[in-house]
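The values are calculated or read from the model by the stated rules, or taken from the named source; none is laboratory data. Being a predicted model, the structure only gives us computed values, none of them experimental. Don't worry about glycine lacking a Cβ; one is built from the backbone with ideal geometry, like all the others, and counts go over all protein chains shown.
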Amino acid sequence: MRAIRPQIQGWQVTLTLFLLLVGYLLVVQFRAGTEIRREAELPTVRVRDLAVLVNQQEEALQSLQAEVEQLRARLQEYKTAAAEGRSAAETLSNDADSYRLVLGLTPVQGPGVLVRLKEGISTGGGVVGGQLQAQAQDLSGLVNELWSAGAEAIAINGVRILATTGIRQDERGISAGNFRLEGPYLIRAIGNPNLLTAVLNLRGGFVEGLRSVGLSVEVASVDSQALPPTAGQLRFRYASPVRR
């Protein structure tokens, strides 16, 4: 007997081919969709990364701007402190110059008077070989007269005289502070020449009294003269600043 072979109908072949084609198309479509999704997802990831980087850069920029503002503020503080420091330094320098001037630590010049005191003829005491010698009180009196008349600086024989300078006499002669003075005595004073001259030439005043006992006193106004600074050291043995 012959084996019975099933007959394949034409529509079955057609259906099989159709199904294969549909399957192929589905596979192609699936792969294409996967690639499209990958391509679509990649820019999204990059955009997110870029957004994060942008945010980081903005934060860094804000931090730098804040630091710049702080540095500017510090610079302004330094400028202000420097300006105040210069002002304070200038004020202190001016005060120091004023104190040095008052203390006689700097040379000075200006108008004033020139007084020459020298020995004279006397019929009273203080006679050495017929000549009357000037005494320490005579120089001290002249200096006090000049201070009272408004003198701002005084020197005797080139020795700067201050308020603390003592003029004294001993067996060796006259001393101003630690400096020995010898006649004739040349007293230079800086101040108003007219006022100083008027006070010294006052009738019945100290100069007229010196002349009346025989001493020679010459007074002349000068337009300008220079006085040296004090050569001694200002030391206070007993006085000290009051602490508050």
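For this structure, a couple of remarks:
- Put simply, of Leu105, Leu117 the only residue that is closer than 30 Å to Ala153 by Cβ, touching a residue at least 12 places away in the same chain (Cβ under 8 Å), over 34 Å from the mean Cα position of the chain (by Cα) and not in a helix (DSSP H, G or I) is Leu117.
- Members of segment 157-179 found to be in a strand (DSSP E or B) and either farther than 24 Å from Phe236 by Cβ or of a type in the set (Asp, Glu) (or both), listed by number: Gln169, Asp170, Gly173, Ile174
- Scan of segment 166-186 for residues that are in contact with a Ser or Thr (Cβ under 8 Å, 6 or more places away or on another chain) and crowded, with 16+ Cβ neighbours inside 10 Å, ordered by number: Ile167, Gln169, Ala176, Gly177, Leu181
- Ala198 being modelled with pLDDT of 90 or more and more than 16 Å from Gly150 (Cα to Cα): no
- Flag for Arg37 being loosely packed, with under 10 Cβ neighbours inside 10 Å, at pLDDT below 60 and over 30 Å from Leu146 (Cβ atoms): no
- Cβ pairs under 7 Å, 6+ apart, first in segment 209-231 and of a type in the set (Val, Ile, Thr), second in a loop (DSSP other than H, G, I, E, B): Val213/Ser122; Val213/Gly124; Val219/Asn201; Thr230/Gly104; Thr230/Leu105; Thr230/Leu162
- If the condition is being of a type outside the set (Gly, Ala, Ser), within 23 Å of Val102 (Cβ to Cβ) and not in a loop (DSSP other than H, G, I, E, B), then segment 209-244 contributes Val222, Gln225, Leu227.
- Residue in segment 200-208 that is part of a strand (DSSP E or B), within 23 Å of Val108 (Cα to Cα), touching a helix residue (DSSP H, G or I) at 6+ places or on another chain (Cβ under 6 Å) and touching a residue at least 12 places away in the same chain (Cβ under 8 Å) present: no
- Within the set Ile154, Ile174, Ile167, the sole residue that is in contact with a strand residue (DSSP E or B) (Cβ under 9 Å, 6 or more places away or on another chain), closer than 20 Å to Gln109 by Cα and assigned by TED's automatic domain parsing to the domain that holds Lys118 turns out to be Ile154.
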